[in-house]
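These notes are about the structure you will find just below.
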Amino acid sequence: MFNKLKKNTEPNTDIELNGVIGKHYEDGKTVFVRFSKKLPKENVISKFPWFTVISWKYSSNDQEGLPSKEIYERMKILDDTLENAFDSKDIGIHAYNRTGNSLREINYYISDRDKFLEKFNNALHTHEKYPIEITFYEDSEWNELKTLIKDFED
């Protein structure tokens with residue numbers, strides 16, 4: 001069900017050093033995921049107990065349920081803005097992205113929901129409104145990411 005597409009070997013960031021871009025299928029449609037296959041140390045994991053899902057549902061005419069070029073470009077702007085906002089890893093750590101079957105998710109592990117939302121809103125205050133929802137789940141053991149990594153093991 002899960003297929004690894006490639007490993008990125010350019011060591012500029014953790015995701016690039018240990019990155020995986022993979023695909024799997026939901027309802028017969030391709031879903032791409034991008035994540036780091038290496039978990040942080042336990043003392044870091046313990047500081048970020050909230051799994052945070054930023055969901056963007058979109059309509060797609062694509063047979064695979066992938067976004068149009070225009071929607072994808074807006075998604076990329078959102079991704080880049082959030083990456084820059086949370087690059088210090090003091091409030092949140094990127095877990096993974098998934099795109100396909102008419103859904104984009106940007107997932108983080110965060111330390112504090114209010115601080116995350118404050119930084120999130122400050123980073124996006126000049127942007128046109130995005131059609132997104134944010135959901136928080138308690139996952140102090142990082143089981144969501146551990147399961148994803150396991151699903152894509154060699």
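The values are calculated or read from the model by the stated rules, or taken from the named source; none is laboratory data. Not measured: the values here are computed from a predicted model. Using ideal geometry, Cβ is built from the backbone for each residue, glycine included, and neighbour counts are taken over all protein chains shown.
Anything in the stretch 22-49 that is surrounded by 17 or more Cβ atoms within 10 Å (Cβ to Cβ) and of a type in the set (Phe, Trp, Tyr)? List them, or say none.
Answer for the stretch 22-49, where residues must be surrounded by 17 or more Cβ atoms within 10 Å (Cβ to Cβ) and of a type in the set (Phe, Trp, Tyr): Phe35, Phe48.
Tally up the residues in the stretch 27-61 that are closer than 14 Å to Asn143 by Cα and among the basic types (Lys, Arg), please.
Looking only at that region, the number is 2.
Which strands (runs of 3 or more DSSP E) does the stretch 28-114 wholly contain that include 2 or more residues that are touching a Phe, Trp or Tyr at 6+ places or on another chain (Cβ under 9 Å) and free of Cβ contacts under 8 Å to residues at least 60 places away in the same chain?
Here the list reads 92-100, 103-110.
If we scan the stretch 85-96, do we find a residue that is small (Gly, Ala, Ser) and surrounded by fewer than 11 Cβ atoms within 10 Å (Cβ to Cβ)?
Yes.
Please indicate, with yes or no, whether at least one residue in the stretch 67-83 is touching an Asp or Glu at 6+ places or on another chain (Cβ under 7 Å) and either modelled with pLDDT of 90 or more or among the small types (Gly, Ala, Ser) (or both).
The answer is no, given that none of the residues of the stretch 67-83 is touching an Asp or Glu at 6+ places or on another chain (Cβ under 7 Å) and either modelled with pLDDT of 90 or more or among the small types (Gly, Ala, Ser) (or both).
Test of understanding: among Lys4, Lys23, which residue is modelled with pLDDT under 90 and part of a strand (DSSP E or B)?
Lys4
Of the residues Thr52, Thr81, only one is of a type in the set (Ser, Thr, Tyr), touching a helix residue (DSSP H, G or I) at 6+ places or on another chain (Cβ under 9 Å) and crowded, with 19+ Cβ neighbours inside 10 Å; which? I'd like the intermediate steps shown before the answer.
Details: Thr81 fails: crowded, with 19+ Cβ neighbours inside 10 Å.
Going through Thr52, Thr81 in turn, the sole match is Thr52.
Name the residues in the stretch 114-139 that are exposed (fewer than 13 other Cβ atoms within 10 Å of the Cβ) and either of a type in the set (Ser, Thr, Tyr) or under 24 Å from Ser88 (Cα atoms) (or both), would you?
Step one: list which residues in the stretch 114-139 are exposed (fewer than 13 other Cβ atoms within 10 Å of the Cβ), which gives 114, 118, 121-122, 125-129, 131, 133, 135, 137-138.
Matches in the stretch 114-139: Asp114, Glu118, Asn121, Asn122, His125, Thr126, His127, Glu133, Thr135, Tyr137, Glu138.
Please tell me if Thr99 is buried (at least 16 other Cβ atoms within 10 Å of the Cβ) and out of contact with any strand residue (DSSP E or B) (no Cβ under 9 Å at 6 or more places or on another chain).
Against the criterion (buried (at least 16 other Cβ atoms within 10 Å of the Cβ) and out of contact with any strand residue (DSSP E or B) (no Cβ under 9 Å at 6 or more places or on another chain)), Thr99 does not qualify.
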